[in-house]
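The values are calculated or read from the model by the stated rules, or taken from the named source; none is laboratory data. The shown structure was predicted, so the numbers you read here are calculated from the model rather than taken from an experiment. Heads up, the Cβs are rebuilt from the backbone with ideal geometry, glycines too, and the neighbour counts pull from every protein chain shown.
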Amino acid sequence: MKKYIILLLSMAFFLTNCKKNDDPVVVKEQEQQEEQQQEESKKLEDYPVQDFMWQTMNAYYFWQGDVADLADTRFPGLEDVSYVEFLGSQSNPADFYYTICNKHENIVGEAAAIDRFSFHSENYKDLVQLFQGVSKSNGLEFGLGLYGDKDDVFGFVHYVIPNSDASQKEIKRGDIFLGVNGQDLNLDNYIDLLFGDSDTYTLNMADIIDRTITANDKEVQLTQEEGLVENPILISKVLEVEGQKIGYLMYNSFVADFDDELNEKFGEFASAGINDLILDFRYNGGGRVSSAVQIASSVYGTKTDELFLKARYNNKLQAELSDEFLVNNFTDKTFDSGTPLNSLGLNRVFVIATDRTASASELVMNGLAPYVEVVHVGTKTVGKNEFSNTFVDDPENGNFYNPDREGNINPKNQWAIQPLLGRNENADGFSDYTTGLVPDHELDEDVASLGVLGETSDPLLQKTLDAISGLSSKRDFRPMFPVDYVGDSKMFKPTSGVMLMDGLMENHYRASKSQE
C-alpha cells in the first residue's frame, strides 16, 4: 500500500510540473525572456555592413534631412541597444540600404521614386573595375524595343566593342535579333535570356522587310569574357565637309583611365585646325566628374578662374563647407597625371544626345551652357542631375574609396555603396533638369537605318552636319522604324547613369579636415 501512495504522489508531482511548464502564460514569458537575452547579446560588431552603411548615409546622403531613420538625433548613441537593434532589423544589408534611402525606386517603384540611382555592390573590387571600364562582357552593346501588338521584344546592335568576342563574329551595328537559344524574346523572358547566369548564348537574327521584323536563319553565338576593357573613345576623327574641318568624337563613358588618351585626341583636333566639334554622347550613361571637367575645359578653355560647377550637398554638409570646397573651376591639366591640357577655345559645340545619355554627359552640356553655345541634336536626355561617390568601410578616410588605402578597408566588410550625394549647378545656378535636356534639333534613331557611326550614313551625324552648315538637307530624316525602348545592354550595369565625384570630393574632404 505504501508503494502505491509513493507512486501516486510521484505522478501527481510530475503532472503538476508538466501543467506549470505547459502554461501558455509561463511559456510566453520564457520566450520573451529568451528573445530579450538574444537582443541584449547583439553587439555592434555583429552588423559591420549595416553600421558602415548607416554612418556613411547619415554623413553624406543628399536627402539625409528627409529620412527620419538617418536623423542625427535618431539614436542616443551608436553603442546604444536601440541602434544595434535597428541595424539588425534587416538581415540582408542590401535590403537595409535601400530602406534607409529616400523613397528609393527599389522600394516604392519608379512612379513614386525620389532616389532612382543609389546602389550597392557586395564586393567593392567589382564596382571599381566597372568604373575603370573593365567588366565581364561579350562586347555586344545593343538596344531593346517592343514590336507587334503583343509583348514581343527585339534587339538591335548599337556597336561592338573592339577586341571582344563579338568583334570576332559576324555581327555589326544595325543587326537585329528576335530570340535567344531558339526562344523568342518577350517582356517575361528577355531579362533571363540576355542577362541571366549563362556566359554563352546564341542570338537568333532577323531582318526588317517592308517595315516588318522577320526572322531569318542566321545565328550568332557569343561568350562573355572576364576582364574585357572598353576604351570609351570609340571614334575620333576629322571630317572635311565643304571646305570645313569638323572634329568628331564618340565617347561612351567617362573613365579616368583614358583621360590622357582623351587629351591627346583634343591635341590632334587642335593640330588639324578644326572649325567645329561634335561630341557624340548618344550612348554615354555617365562616369567620373573629373573627366567631364576635362572635356569641358578642352572645349571651352583652361580658364581656371572660371566656375564649371558648384556642388550642392545635404544641408548639414552645405553648412559646414565653404565655397572653396564646393566649387570646381575649369582645369588646365588632367586630374590624375597632371598633364597639361589641350584646349580648343570654341564658342560653340554640337552634342549628339538621346534618351540613353545621362549624368556626366548631361553635366558637360549644362556646365558649358553659360559659356558656349551648346547645340543639342537628338532626343531628350535621361535627366540624371545628381552625383555620387564610392564609399567603403575605411573610417579613417571618411569611408571614401581610395585605391592606395585598400589595406585599410575593414576585412570583415567588403561592401561598397554608391549613394547620391547632391546636385551640380552650373555658373548660372541651374541644375533642374530632372526631366532631361531638350534637343535643339530633334531626331530619334531609326532601327531600319542606323547607318555607320562616324559616317554620313548615320542620320544623327548627318543631321548635326546640317545644323553646322545651316543648310536644309534634302534627306528625309523621319524614322521608318522608331523604337519603343524597353532597355539596353547596359541596363543592369550598376555604373550606368552615374555622375561619379571620386577624387574631387575626397580632396574636398581632406582639405576641410586639415582646417579643423
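Going by what's in this entry, would Arg405 be described as under 24 Å from Phe387 (Cβ atoms) and either out of contact with any strand residue (DSSP E or B) (no Cβ under 6 Å at 6 or more places or on another chain) or in a loop (DSSP other than H, G, I, E, B) (or both)? When the stated conditions are applied, Arg405 passes them. Across region 42-90, the number of residues qualifying as of a type in the set (Asp, Glu) and closer than 17 Å to Asp393 by Cβ comes to 3.
Scanning region 90-108 for residues that are closer than 21 Å to Phe195 by Cα and either in the same structural domain as Gly422 (by TED's automatic domain parsing) or surrounded by fewer than 16 Cβ atoms within 10 Å (Cβ to Cβ) (or both) gives no hits. With Leu363, Leu368 as the choices, which residue is buried (at least 24 other Cβ atoms within 10 Å of the Cβ), closer than 22 Å to Phe62 by Cα and touching a residue at least 60 places away in the same chain (Cβ under 8 Å)? From the options Leu363, Leu368, the qualifying one is Leu363. The numbered conditions (1) surrounded by 14 or more Cβ atoms within 10 Å (Cβ to Cβ); (2) assigned to a loop (DSSP other than H, G, I, E, B); (3) modelled with pLDDT under 95 are all true for Asp393 except (3). Of the candidates Gly451, Gly436, the single residue that is surrounded by fewer than 18 Cβ atoms within 10 Å (Cβ to Cβ) and at positive phi is Gly451. Scanning region 233-286 for residues that are free of Cβ contacts under 8 Å to residues at least 24 places away in the same chain and part of a helix (DSSP H, G or I) yields one hit, Ser271. Take the conditions (1) among the hydrophobic types (A, V, I, L, M, F, W, C); (2) outside any loop (DSSP other than H, G, I, E, B); (3) within 26 Å of Glu122 (Cα to Cα); Ala358 misses just one of them, which is (2). Only one entry of Asn413, Asn424 meets the criterion of being assigned to a loop (DSSP other than H, G, I, E, B) and crowded, with 19+ Cβ neighbours inside 10 Å, and that entry is Asn413.
The residue that is farthest from Phe52 (Cα to Cα), counting only those in region 113-129 that are in contact with a Ser or Thr (Cβ under 8 Å, 6 or more places away or on another chain) and surrounded by fewer than 20 Cβ atoms within 10 Å (Cβ to Cβ), is Gln129.
Put simply, of Val67, Val84, Val49 the only residue that is surrounded by 21 or more Cβ atoms within 10 Å (Cβ to Cβ), β-branched (Val, Ile, Thr) and over 15 Å from Asn413 (Cα atoms) is Val84. Please work out which residue is farthest from Asp260 (Cα to Cα), limiting yourself to region 190-232 and to residues that are in contact (Cβ under 8 Å) with a residue 60 or more places away in the chain and of a type in the set (Phe, Trp, Tyr). Across region 190-232, the extreme among qualifying residues is Tyr190.
Is it fair to say Glu264 is closer than 21 Å to Asp336 by Cβ and surrounded by fewer than 17 Cβ atoms within 10 Å (Cβ to Cβ)? In short, yes. Quick check, is Phe254 in the same structural domain as Asn424 (by TED's automatic domain parsing) and closer than 16 Å to Gln132 by Cβ? Judged against the criteria, Phe254 is a match. List every residue pair whose Cβ atoms sit under 9 Å apart, with the two residues 6 or more apart in sequence or on different chains, where the first one lies in region 333-345 and is among the acidic types (Asp, Glu) and the second, anywhere, is in a loop (DSSP other than H, G, I, E, B). Note: pairs meeting the criteria are Asp336/Gly503.
Would you check if there is a residue in region 148-169 being outside the structural domain of Met53 (by TED's automatic domain parsing), of a type in the set (Gly, Ala, Ser), at pLDDT below 95 and out of contact with any Cys (no Cβ under 9 Å at 6 or more places or on another chain)? Within region 148-169, one or more residues are outside the structural domain of Met53 (by TED's automatic domain parsing), of a type in the set (Gly, Ala, Ser), at pLDDT below 95 and out of contact with any Cys (no Cβ under 9 Å at 6 or more places or on another chain).
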